[in-house]
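*Asks:* Questions regarding the structure given below will be posed in turn.
FYI, it's all coordinate maths here, none of it is from the lab. Please read these numbers as outputs of a predicted model, since none were measured by experiment. We place every Cβ from the backbone using ideal geometry, glycine too, and count neighbours over all the protein chains shown.
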Amino acid sequence: MHLRPTKIICIGRNYAAHAAELGNEVPKEPLIFLKPPSSLIRDGESIRLPTVSKQVEYEGEIGVVVSHPLRRASRDQAGAAVGGIVAANDVTARDLQKSDGQWTRAKGFDTFCAVGAVGPAPSDLSSLTVTTRVNGSVRQSGRASSMVFDIPAILSFISGIMTLEPGDLVLTGTPDGVGKLAPGDVVEVEIAGVSRVSNPVTDA
Ligand code: MG
């Protein structure tokens, strides 16, 4: 499956431990935001640190690729539209996220959405795990079973707002352990047995 999303929809604060580490509450409904498709890079491409930020951080996430159109979908319909899974890095300029209030700039720089090859979705989506390594050492380790809102709930919720098109990409939130990237780092996100993406980090 070739990945060419019309939009990238992301979930914020979908793991309680990550919400807590940044001093936030868990939202009562899924908290969604968009990243532009122009932010996409693939395995091996460089994440470039913009000069306007002093704190660019990795966020390893489970990415879902939508297989067919979804509009006002039920939970079951949404679950049936999971076409594949990608390892994803929702790269974030944390200082700009805080100072701007809304997140488009902080989340939207070129190279700020790294994704691996599309792998198969398991029959039990809650069995997925995500691990982030920086320079080979583990920084994040999460499992889909710890999500506040699970994958079918997320897709159903989004489809009540905007039509999901085949190939659209949904990033399902990051577990705790986020941290800063520096030039020369190599950051890797792995969905065990399904997909991985590894990217060097460079100055802009
Ligand atoms: Mg994120």
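*Asks:* Can you work out which of the residues in the range 23-53 that are within 13 Å of the ligand (Cβ to nearest atom) and free of Cβ contacts under 8 Å to residues at least 60 places away in the same chain is surrounded by the most Cβ atoms within 10 Å (Cβ to Cβ)?
*Replies:* LEU31
*Asks:* Filter the range 18-41 for residues that are outside any loop (DSSP other than H, G, I, E, B) and within 16 Å of the chain's Cα centre (by Cα) and give the result.
*Replies:* Residues satisfying the conditions are HIS18, ALA19, LEU31, ILE32, PHE33, LEU34, LYS35, PRO37, SER38, SER39, LEU40, ILE41.
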